[in-house]
Amino acid sequence: MSREFFQRSEVFIGRLERVEWRAHEVIKELDDRPHLLVRIEIAGPYFPHRAVDPYVRILRGDQVVAESWFAKVSDDNRRILAYFPTDVPEGEVIEFGYEDDMMGRIRTAFDSGVVRRLERERLPKEVLEVTDRYVKSKRI
């Protein structure tokens, strides 16, 4: 994996001193169909596997403007992989943790410009773009 797209960040609240993060579009197979999503990867020294999945949130001020649709810890415990709609909103902080156990907050300017996008014209027609509206329809 190329590390050139990771952004180094100080965790200003939390138990970890330093993490790296990046955001990029990926195609993930869900319900036997390819879906286009934004994946935020947070890389750090160690993220434990727990009975509950981790969360990743984007905040503007103290307000949560986006929460990952789903997230998981990588097999090597070095990354949290969080999946968001492609129209993920702008924010100032990326927060991550488990349920009520917040592990860290990264102060960063998060907007669509930091997301490494796939070339849409090269994607197969059957790929479903996951938007915020689509996610809300699935959470009902």
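Those residues that are of a type in the set (A, V, I, L, M, F, W, C) and open to solvent by less than 10 Å² (accessible area, probe 1.4 Å), I need them from region 24-62; list them, please. Those that are of a type in the set (A, V, I, L, M, F, W, C) and open to solvent by less than 10 Å² (accessible area, probe 1.4 Å): LEU36, LEU37, VAL38, ILE40, ILE42, PHE47, VAL56, ILE58, LEU59.
With respect to being within 21 Å of GLY113 (Cα to Cα), in contact with a strand residue (DSSP E or B) (Cβ under 8 Å, 6 or more places away or on another chain) and free of Cβ contacts under 8 Å to residues at least 40 places away in the same chain, ALA23 falls outside the description. Could you tell me whether ALA82 is open to solvent by 60 Å² or more (accessible area, probe 1.4 Å), of a type outside the set (Asp, Glu) and modelled with pLDDT of 90 or more? Considered against the rule, which asks whether it is open to solvent by 60 Å² or more (accessible area, probe 1.4 Å), of a type outside the set (Asp, Glu) and modelled with pLDDT of 90 or more, ALA82 comes out as no.
What about SER68, is it in contact with an Asp or Glu (Cβ under 8 Å, 6 or more places away or on another chain) and in contact (Cβ under 8 Å) with a residue 24 or more places away in the chain? Here the answer is no, as SER68 does not meet what is asked. Restricting VAL93, VAL135 to residues that are open to solvent by less than 40 Å² (accessible area, probe 1.4 Å) and within 14 Å of the chain's Cα centre (by Cα) narrows the list to VAL93.
The values are calculated or read from the model by the stated rules, or taken from the named source; none is laboratory data. The model shown is predicted, which means the values in this text are computed figures rather than measured ones. Ideal geometry is used to build each Cβ from the backbone, glycine not excepted, and the neighbour counts take in all protein chains shown. The accessibility values were calculated without ligands, DNA or RNA, using every heavy atom of the protein model including side chains. Shrake-Rupley method; radii C 1.70, N 1.55, O 1.52, S 1.80 Å.
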